[in-house]
Amino acid sequence: MTSDDARFLDLGDQRLEYVWHGPAPQQAPTLVFLHEGLGCVGLWKDVPARLAADLGLGALVYSRAGYGRSSPITLPRGPDYLMPEALDVLPRVLDATGVRQAVLIGHSDGGSIALMAAGGADDPRIAAIVTEAAHVFVEEITLAGIREARVAWETTPLRDRLARHHHDNTDAAFFGWNDTWQTEAYRTWNIEHMLPGVRVPALVIQGEGDQYGSEAQVDAIVSQVGGPVRKLMVPDCGHVPHFEQKEVVLAAIAGFIREVLPPA
């Protein structure tokens, strides 16, 4: 999958690129992919299509504003920039695409958005969530990883690699993530108060060697969500389990979804 396959959703104040795989929402539940802080449609690569085909479900993949070929954003971001994505934009995306029953699959920032959406939106369309490397509070390991990413931006071809996917949004995508997380206001960011509202089944995944977060993130989620939850720590794996341990992680996600979705 590449962003060249994308279409666009017009939400009025935003125009978001998206790709659809598999059955229409009237025919089957939909996997909804929520990307990381430097992600977009194209950076999920073949993962959504593989899971959709394996499960016989639809898959909706979209880029948030400021990413990929979606509408631009104005910087700086506020420390609560993820909240509107969960409680306002995501429901409107589901409305616009006709999704009736969704499993949210979120990576990093997308995992936090999935938790906030399930915990705060009270949206009956959300049937389950899968998080990978989600954050619910700020850790020093996260800030250290973000500082290292800034060095990579300044000293390696990182910008060129990102530009292949983010186009005119490349600088805003990077600095909207990197600068925001390093502000003093962001150090107190915390969404643990929303976790008891997560009553749908949840699979919480993290690499044992994640350079952006410790196992304390997973334990905080698992101990505080209000519904059934399972924890998966992936050995020999960093921040991107669906690529670094692809077969193990996709099998775990598919098995979880088969268990928690009601029969058609």
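The values are calculated or read from the model by the stated rules, or taken from the named source; none is laboratory data. Note that the structure is a prediction, hence the values are computed from the model and not measured. Note: ideal-geometry Cβ built from the backbone for every residue, glycine included; neighbour counts use all protein chains shown.
Overview of values
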| quantity | calculated |
| --- | --- |
| In region 187-210, residue farthest from H135 (Cα to Cα) [restricted to those that are in contact (Cβ under 8 Å) with a residue 40 or more places away in the chain and exposed (fewer than 15 other Cβ atoms within 10 Å of the Cβ)] | R199 |
| Residue identified as closer than 30 Å to P196 by Cβ, within 16 Å of the chain's Cα centre (by Cα) and in a loop (DSSP other than H, G, I, E, B) among R64, R77, R100 | R64 |
| Those residues of region 119-139 which are within 13 Å of the chain's Cα centre (by Cα) and not β-branched (V, I, T), in sequence order | E132, A133, A134, H135 |
| Selection from region 98-121 of residues that are crowded, with 19+ Cβ neighbours inside 10 Å and either at pLDDT below 95 or not aliphatic (A, V, I, L, M) (or both) | G106, H107, S108, D109, G110, G111, S112, G119 |
| Filter pass, A163 being small (G, A, S) and either in contact (Cβ under 8 Å) with a residue 12 or more places away in the chain or touching a Leu at 6+ places or on another chain (Cβ under 9 Å) (or both) | no |
| Extreme residue, nearest to L38 (Cα to Cα), among residues of region 67-85 that are touching a His at 6+ places or on another chain (Cβ under 9 Å) and crowded, with 22+ Cβ neighbours inside 10 Å | Y67 |
| Considering residues of region 165-186 that are surrounded by fewer than 22 Cβ atoms within 10 Å (Cβ to Cβ) and either closer than 25 Å to M233 by Cα or of a type in the set (F, W, Y) (or both) only, the residue modelled with the lowest pLDDT | Y186 |
| When residues of region 122-163 are limited to those that are of a type in the set (D, E, K, R) and touching a helix residue (DSSP H, G or I) at 6+ places or on another chain (Cβ under 8 Å), the one surrounded by the fewest Cβ atoms within 10 Å (Cβ to Cβ) | D122 |
| Those residues of region 222-263 which are within 22 Å of G58 (Cα to Cα), of a type in the set (A, V, I, L, M) and part of a loop (DSSP other than H, G, I, E, B), in sequence order | L261 |
| Residue in region 2-10 that is closer than 20 Å to A117 by Cβ and assigned to a strand (DSSP E or B) present | yes |
